[in-house]
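Take a look at the structure below.
Coordinate-derived values only; no laboratory data. Bear in mind the structure is a predicted one, so any value in this text is a computation, not a measurement. Heads up, the Cβs are rebuilt from the backbone with ideal geometry, glycines too, and the neighbour counts pull from every protein chain shown.
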Amino acid sequence: MKGFILYSDYKVIDGKEYVFLYGKLENNETFLTINHYKPYFYIKESDLNNALKIVNFEHEKNDFKNFNNEPVVKVMALLHKDIISIRERLKENNIPNYESDVKFIDRFLIDNQINSSLEIEGEHERNERIDRIYREPKLKPSDFIPDLRIVSLDIETSSDGKILYCISLYGKNYSKTFINTKETGLNAVCCKDEMEVLLKFKEEFLKYDPDILTGWNLVDFDLMYLKDKFDEYGIEFDLGRTNERVKIRKGRKFLSSSKADTPGRQVLDCLNLLMISFIKLEDYKLDSAARQILGEGKTMSGKNNHLEIDKLHKSDSKKLIIYNLNDAKLVYDIMLKTKILDLTIQRSLLTGMPLDKVNASIASLDSLYLKEAIKRKIVCPTGKYEEAEERITGGFVMESKPGIYDYVLVLDFKGLYPSIMRTFNIDPHAFTKEKTKDAITAPNKAMFRNEDGILPSILEKLVGARNKAKKEKNLLASQAIKILTNSFFGVLASPSCRFYNLDVANAITHFARYLVQLTTKKINEMGLEVIYSDTDSNFVISKAKNYEEADKIGNKIQDEINNFYKEFIKKEYKRTSHLELQFEKCFIRFLMPKLRGSEKGAKKRYAGLIEDERGKENILFTGMEAVRGDWTDAAKEFQYELLNRIFHKEEIFSFIKKFIKDIREGKLDNKLVYRKSIRKELEEYTKITPPHVKAARKLDKLESNIIEYYITEDGPEPIQKLKHKIDYEYYIKKQIKPIADSILVFFNKNFDDMTKESKQTKLFED
């Protein structure tokens with residue numbers, strides 16, 4: 001029977017350690033597997049006798065070797081705490097160990113080559129909350145994709161938080177509201193008091209038995225509140241598939257997500273899932289997110305929502321039920337519309353990470369690498385987890401050639417860092433200090449054995465899986481693989497990774513710098529000019545007279561460079577090239593700005609006019625004010641329209657004048673709002689107090705980490721407590737003028753001169 005792991009735990013029973021895996025089977029039943037397992041780590045075989053003199057332990061010889069090709073011995077114990085004790089005793093006596101930091105459950109899954117899907121073979125029994133309990137079953141890896149039951153939860157309370165009004169649950173073809181009211185005949189479960197609400201909610205929740213519990217700010221607000229209420233009435237807060245209490249681990253406010261430990265199921269806050277799935281939101285309120293994603297929002301929204309809810313509870317229970325249930329429904333619909341749970345499942349299947357930890361990139365690589373190492377009978381080092389003494393060298397960024405250009409081509413390497421790892425066998429295990437005839441020497445002088453390394457093999461499988469997913473139009477699987485492979489360099493460059501090695505990490509960036517510069521040289525040899533290079537991209541003036549001609553030139557560059565690398569890598573390194581330069585896009589018109597106050601070109605800042613497949617024009621921005629979160633909507637709108645007019649060679653003087661006039665007349669007030677996140681507790685801002693912090697300190701309480709504020713004649717003020725006039729001249733000077741000047745400089749004009757002139761200014765000849 002195939003299944004998917006939702007939750008894992010371990011327990012000590014009769015002096016032995018057992019792994020507990022909870023999940024969902026292919027027949028939609030729930031399961032629990034219980035397997036006895038001995039924790040272990042490795043030491044060198046040559047250290048065994050000395051180690052046994054220090055502490056007595058069970059051991060087992062094998063044919064595994066460490067990265068230095070030295071034989072190792074397995075050190076075992078019945079309990080994890082004992083294995084830790086042995087490890088520390090050996091460590092004190094300078095006896096090195098291997099893989100001693102691998103967590104107990106992870107170790108079990110790695111040894112069984114299981115990610116999140118498995119096949120279970122064995123007898124089973126049943127209990128009150130779980131359909132099938134397997135004791136000591138045989139487990140094998142599988143590729144089962146589950147259909148999980150989701151329920152969204154939302155609560156409403158009095159404005160002072162003292163009274164629980166109602167709880168709503170929403171799922172597929174399912175909805176329930178439990179309301180604290182004396183009324184009857186409502187479309188809800190009417191309860192005489194809070195205690196009855198809690199009891200009936202718990203009964204129904206366990207009966208519905210969801211795999212995934214979600215909500216909006218679910219743990220920090222809803223579950224935390226319910227936990228306190230359950231405690232107040234002496235009701236067990238056990239919402240899992242065991243009778244264990246839900247445990248809540250609180251994260252730092254606004255900085256890390258809180259966790260709810262619910263045995264047998266997963267608690268996944270929809271807000272957190274959106275963030276780790278790289279879905280950008282304008283702000284993180286449910287109403288805003290729902291309107292952005294679904295095109296609909298809450299049934300009520302505003303500053304005094306809590307007071308309105310108090311009124312509804314007293315006079316219009318029906319409306320309160322609709323409001324409460326709709327909030328739960330919005331979260332459920334967001335989950336479905338964005339497919340973030342499906343993406344999370346795909347990421348979990350790739351790496352074996354639990355659903356609430358799929359963004360743990362270091363642990364993900366750890367899991368994949370250790371599984372592959374076992375197949376090759378290689379043991380990995382224990383992580384040192386020390387601070388890096390030196391920084392990793394970054395990618396190459398060429399000083400740009402500022403100007404406004406026609407038909408600029410962008411060519412970039414597809415997955416450059418993963419491609420480098422595959423092409424040059426950049427692999428922690430393959431890293432060597434032994435100079436051999438076939439050794440691959442990176443530009444930073446790091447050397448690697450010319451073989452099929454562990455990491456390149458992992459990447460090869462993932463790339464193959466992604467190509468298959470693309471062919472089958474499985475966009476979620478493709479996206480999951482892309483996220484994973486792109487994370488590998490960052491992981492290797494982190495001192496928190498067990499494979500961290502400055503030479504290995506720098507080998508990747510040095511190869512990248514070398515390749516981008518070599519590509520620039522080859523393009524220049526073709527008679528074309530590269531005006532900018534950045535990490536994996538080249539920007540080329542095509543010299544084309546029209547879009548069709550530019551397209552042909554872009555494809556020609558792509559083909560010639562790829563053919564060059566195919567031969568070059570084979571000749572110089574005796575390897576197969578996995579480098580792939582892609583002609584990504586053509587800008588019809590393109591702006592490369594200057595550094596402010598300098599004639600030098602800016603880095604990582606540009607904008608260009610493109611045309612999509614349907615012939616629709618759009619302006620793409622990188623690093624410009626239009627895409628920066630710390631600039632107002634007014635500034636973004638001004639920049640977009642100004643560039644649009646310039647790219648189409650249209651008059652701009654009247655536009656600038658009118659835009660300034662509209663600001664001064666208060667017509668753009670709603671677009672002058674600054675939005676900035678609080679990154680730490682307000683009291684921690686001591687040395688420097690940014691404007692958004694000053695504004696935040698004027699609020700009675702923080703309801704979000706996003707602070708919305710104006711700059712007024714009395715400084716920054718939150719929009720909720722605006723007391724002074726907006727300082728329009730500040731916005732014109734600090735937001736509008738810099739944008740205008742960065743563009744007008746190419747026409748020997750500036751903002752001040754243009755705004756003083758009374759006649760229309762032409763930038764382009766008729």
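For the chain, the normalised intensity computed at q = 0.05, 0.09, 0.11 Å⁻¹ comes to -0.34, -1.08, -1.39 (log10 of I(q)/I(0), Debye sum over alpha carbons, equal scatterers, no solvent). Principal axis extents of the C-alpha atoms in the range 84-221 (largest first, rounded to whole Å): 71, 40, 24.
Could you sort out which of Lys671/Lys737; Lys339/Lys676; Lys401/Lys676 sit more than 23 Å apart by Cα distance in this structure?
Beyond 23 Å: Lys339/Lys676; Lys401/Lys676.
Taking the range 169-215, how much of its Cα-Cα pair set, in percent, is spaced more than 14 angstrom apart? Every Cα pair in the range 169-215 considered, those over 14 Å come to 52 percent.
For the set Lys594/Lys733; Lys24/Lys207; Lys65/Lys371; Lys471/Lys522, the pairs lying more than 24 angstrom apart at their alpha carbons are Lys471/Lys522. For the range 428-492, applying the loop criterion from DSSP together with a ceiling of 12 other beta carbons within 10 Å to the trypsin sites (Lys or Arg not before Pro) yields Lys433, Lys435, Lys437, Lys445, Lys473. For Phe396, the residues whose amide H sits under 5 Å from its own are Arg513, Thr535, ignoring neighbours fewer than 5 places away on the same chain, with H placed 1.01 Å from N. Counting other Cβ atoms within 10 Å as a rough exposure proxy, the listed residues Cys270, Cys191 run Cys191, Cys270 from fewest neighbours to most.
Summarising the amide proton neighbourhood of Tyr7: residues at separation of 5 or more, or on other chains, whose placed amide H is nearer than 5 Å comprise Tyr22. With the simple model of a label 7 Å out from the Cα in the direction of the Cβ, Val397 to Lys445 spans 2.8 nm.
Computed over the range 2-141, the P(r) curve from all C-alpha pair distances, binned at 5 Å from the origin, holds 2, 9, 18, 19, 15, 12, 10, 7, 5, 2, 0 percent per bin. Kirkwood radius, the range 581-711, all distinct C-alpha pairs, inverse of mean reciprocal distance: 17.7 Å. Relative to its Kirkwood radius, the Cα radius of gyration of the range 338-437 gives an Rg/Rh of 1.07. Karplus-derived 3J(HN,Hα) values for the range 552-569, using 6.51 cos²θ - 1.76 cosθ + 1.60 with θ = phi - 60°, are 5, 5, x, 5, 5, 4, 3, 5, 5, 5, 5, 5, 4, 5, 4, 6, 4, 5 Hz; glycine and proline are entered as x. Taking the fewest neighbouring Cβ atoms within 10 Å as the starting point, the ordered list for Met224, Met421 is Met224, Met421. Close amide H pairs (under 5 Å, H built 1.01 Å from N) link Tyr40 with no residue at least 5 positions away or on another chain. Remark on the range 150-338: ratio of C-alpha radius of gyration to 2.2 N^0.38 Å is 0.98.
Looking at the range 343-401, the pairs of alpha carbons with a distance over 13 Å make up 72% of the total. Sorted fewest first by neighbouring Cβ atoms within 10 angstrom, His306, His124 come out as His306, His124. Estimated from helices alone, the mean residue ellipticity of the chain at 222 nm is -11000 deg cm²/dmol (sum of -39500 (n - 2.57) over DSSP H runs with n ≥ 4, per residue).
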